[in-house]
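The values are calculated or read from the model by the stated rules, or taken from the named source; none is laboratory data. Remember, predicted model here, so these are calculated numbers, not experimental data. Positions of Cβ are generated from backbone atoms using ideal geometry, with glycine treated the same way; all protein chains shown enter the neighbour counts. Protein only, heavy atoms only, side chains kept; ligands, DNA and RNA dropped before computing areas. Shrake-Rupley method; radii C 1.70, N 1.55, O 1.52, S 1.80 Å.
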Amino acid sequence: MTVTKYNASGNDFIIFHAELKKDRSDQAIKLCHRHSGVGADGMVVLIPHDEYDFEWEFYNSDGSLASMCGNASRAVAHYAHEMGISINNESIFLTGAGVIRAKINGDYVISDMVPPKIIDQEISENGEMWWLIDTGVPHLVAFRDNIASFDLLQARELREKYNANVNIAAIKDGKLYVRTYERGVEDETLACGTGMVACFVRAHKQGLLQSQVQVFPKSGEEIDIRYNEEIYSFGGRVSKIFVAEVFI
């Protein structure tokens, strides 16, 4: 089979399209393996849809399904446009979290995210106040003065307790810096789109940031997030790394 690997803000994905929906969990585990497979944070399969350009199946590297992934939405939109699955520099597709609309301008892709849901604003853990926000998948968010240190053992415990991704964030010079421990990968990743959006949602709701901000995940790649007319949009560059034939 032929697969394409993409990078989006430090998240990497294996992408291909197929005709039918089916359980591809085992395939995702094999392909996403960093040593015996292609290596990726997740795998995305595009399936034909009657109403939209396509529907996706998104798998984390451990084979679990996820409803939404912000960085993957941008990579997949670019892939669909290149393959002619989407046209006119726009991609409209169905995810487990809802319909995503993305605009493609060269290698810069902007995705309109699904409406966020603030589940809890008063979670006290380890001496900090956390918000639980669903931006397609659930995220715990805490703000700190400095995020140079990230206790991954503590993050893993919170991930298991709340079944959510765990984010620490800081605001400096009007810019937002975010680090994320992702469920399904079960480790810190170089970026998480829905996590960055969740951090911006909290900061925006608390009046810490205006309606547009530059965001920097651990990868250091710049992301633009804005809030306009009740929509949170998320833009940044994606890169197609390679196309490969695999025999797994």
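Annotations for the structure displayed:
- Under the criterion of Cα pairs below 8 Å and six or more residues apart, the relative contact order for the chain equals 21 percent.
- When the Gaussian network model of the chain links Cα atoms closer than 10 Å, the mean-square fluctuations of 229, 55, 90 top out at 229.
- Carbon and sulfur %, accessible surface of the range 80-156 computed with the full protein complex present, 1.4 Å: 47 percent
- Max mean-square fluctuation residue, GNM over the chain, Cα-Cα springs under 10 Å, options 103, 30, 205: 205
- Highest-fluctuation residue, 44, 141, 213 considered, GNM on the chain with Cα pairs under 10 Å: 213
- The range 73-130-the range 1-31 distance, computed between alpha-carbon centres (Å): 17 Å
- Helical mean residue ellipticity (222 nm; -39500 (n - 2.57) per DSSP H run of 4+; nearest 500) of the chain: -5500 deg cm²/dmol
- FRET efficiency, 1/(1 + (r/R0)^6) with R0 35 Å, evaluated for residue 161 and residue 20 via beta carbons: 0.40
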